[in-house]
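The structure appears below as structure tokens.
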Amino acid sequence: MTVGIIGGGQLGRMMALAGYPLGLEFLFLDRSNDTPAAAVAPTLVGEFTDRRLLRELARRSEVLTFDWENISLESVQALGRRTHVAPPLAALAMSQDRISEKKLFEKLGIPTTRYAAVDSAAALGRALRRVGLPGVLKTRRLGYDGKGQAIVRSAEDAAAAWSALGGVPLIYEEFVAFDYEVSIIGARSRHGEVAIYPLNRNLHRDGILRLTLAPWSAPALQRAASRHLRRVLEHFRYEGVLNIEFFVHRGRLLANETAPRVHNSGHWTIEGAATSQFENHLRAILGLPLGATRARGHAAMINLIGEMPSRERWLGERELHWHDYGKSARPGRKLGHITVLGNTARERDAAAKRLLAAIDPRSLREWRSRTR
Ligand code: AMP
């Protein structure tokens, strides 16, 4: 049984690695043959909009899925109803536009930040008056890892942000002086079974995820986040894994964004949960029973960004798991991650601090500056 995956990044690679023990095979579509996934599975090379290649991918696969949300919706829609695509394209369309995402949160009663759509300098002026300062101006589409965003603290900032980002549809939203960030990941299968993971606490720096601690023990937040996630899953009659990121502000959750796919903040589940998010995504889209989402111990996941540290130095650490995506080094690029497990949250935090002190001291400072 073959799973066709549009996009051959590290998420696709980890999906394939999780699927082989289940007896699955994989076929990818990506622009190049030099991708993390191409090292572990065959890849059709061409544009994501290439109808002929998409048809070939569909013909050779049981189900089509994707490893990033900015693939061409129209091209996949054009494959028609006979091709089974999961997660549903309606969820993909929603996540491609920050305004549709906000509207969905509002419709489902999920608290989110105040916002206004901005498509002209005059609209930005109105948005500033309505939403207030400070705020964040973001592109509605194609933003990731903090790209296409500017913080606005004054009218001068607004003018600079407009000249940097204007010309494409934008969203202006209130800046949230959050205490910290969390995310929740869960799966819904073709048969309606739902499985939700323990909450993740996330630390971003410069818009990029640096650290995830899981499980993050905050029972009231876990209950609220699970309820919100379940609503989104049921709304779309979803198939696959979905993630929602939240700001925690004065003890309450405010939804920031959602991704209809496996997510960086769930990488800890490979070694830290009974079933990984990658395996549960595959089980969900194939209609197989979902696996348990219970945590095994306490995990910290640290992203390796820009350059890979020395394997020799770290592999001797107890309960440390190394993931090298096989990508060439470039500033700001996610090249791999480390997951370290502890028997207690305290042990996990100590290990994460030791690793960050050597690998990413700026993120350690950021973490220390945020109280619980
Ligand atoms: P996003 O691409 O929307 O997930 O933004 C990336 C990161 O930027 C978030 O995880 C936050 O750390 C920060 N950020 C985004 N929007 C806001 C906001 N409205 N207020 C405060 N921080 C934000």
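The values are calculated or read from the model by the stated rules, or taken from the named source; none is laboratory data. What you see is a predicted model; the values in this text were computed from it and never measured. Quick reminder, even Gly has a Cβ in these numbers, built from the backbone with ideal geometry, and neighbours come from all protein chains shown. All accessible areas refer to the heavy atoms of the entire protein, side chains included, with ligands and DNA or RNA removed. Shrake-Rupley method; radii C 1.70, N 1.55, O 1.52, S 1.80 Å.
Across all directions, the average flat footprint of the convex hull enclosing the Cα atoms of the stretch 113-247 is 9.0 nm².
The stretch 347-372 and the stretch 213-266 have Cα centres lying 24 Å from one another. Rounded to 0.05, the FRET efficiency of the MET308 and LEU133 pair, given R0 = 30 Å and the Cβ-Cβ distance, is 0.15.
Can you grab the distance from the C-alpha centre of the stretch 25-87 to the C-alpha centre of the stretch 164-190, Å, no decimals? Rounded to whole Å, the Cα centres lie 26 Å apart. About its Cα centre, the dipole of the stretch 112-194 is roughly 320 debye, where the only charges are +1 on Lys and Arg Cβ and -1 on Asp and Glu Cβ.
Highest mean packing first, where packing is the average number of other Cβ atoms within 10 Å per residue, the peptides 177-187, 267-277 line up as 267-277, 177-187. Give the carbon-plus-sulfur fraction of the accessible surface of the chain in %, rounded to a whole number; probe 1.4 Å, heavy atoms of protein chains only. The C+S portion of the solvent-accessible surface of the chain is 48 percent.
Extension gain, ALA122 to GLU317, is 64.6 nm, computed as 0.36 nm per intervening residue step minus the present C-alpha separation. The residues neighbouring GLY192, those whose beta-carbon lies less than 11 Å from its own, together hold a net charge of 0 under the Lys/Arg +1, Asp/Glu -1 convention. In this structure, the pairs whose alpha-carbon distance is over 23 Å, taken from LYS147/LYS327; LYS103/LYS334; LYS103/LYS138, are LYS103/LYS334.
The charge dipole of the stretch 232-372, taken about the Cα centre with unit charges on the Cβ atoms of Lys, Arg (+1) and Asp, Glu (-1), comes to about 480 debye, rounded to the nearest 20. If the segment from ARG60 to ALA155 were pulled out straight at 0.36 nm per residue, it would be longer than the present Cα-Cα gap by 28.8 nm.
All other residues whose Cβ lies under 12 angstrom from that of GLY336 are scored, Lys and Arg at +1 and Asp and Glu at -1, for a net of +3. For the peptides 147-155, 79-87, the ranking by mean Cβ contacts within 10 Å, running from highest to lowest, is 79-87, 147-155. The stretch 180-370 has equivalent-ellipsoid semi-axes of 27, 19, 16 Å, by the square roots of 5 times the alpha carbon gyration tensor eigenvalues, sorted largest first. Long hydrophobic helices in the chain, taken as whole DSSP H segments with a C-alpha length of 18 Å or more on their own axis and mean Kyte-Doolittle hydropathy at least -1.0: 219-235, 345-359. Classify the stretch 114-174 as rounded, prolate or oblate from the Cα gyration tensor: take a ≥ b ≥ c as the square roots of its eigenvalues, call it rounded if a/c is under 1.5, otherwise prolate when a/b beats b/c and oblate if not. In terms of gyration-tensor shape, rounded. Inter-label distance, ASP97 to VAL168: 1.5 nm, where each label sits 7 Å from its Cα along the C-beta direction.
Taking 1.306 mPa s as the viscosity and 10 °C as the temperature, the Stokes-Einstein diffusion coefficient of the chain based on its alpha-carbon Kirkwood radius rounds to 75 µm²/s. Heavy atoms of the protein chains alone define the surface here; on that basis the chain has 43 Å² accessible area per residue at 1.4 Å probe size. When its C-alpha radius of gyration is set against 2.2 N^0.38 Å (N residues), the stretch 2-85 gives a value of 0.97. For the stretch 58-82, the residues whose amide N sits under 18 Å from a probe point set 7 Å from the Cα of GLU47 along the beta carbon direction are 70-79. Along the axis of the charge dipole computed for the chain (Cβ charges of +1 for Lys and Arg, -1 for Asp and Glu, origin at the Cα centre), the listed residues LEU128, VAL85, ALA161 are led at the positive end by LEU128.
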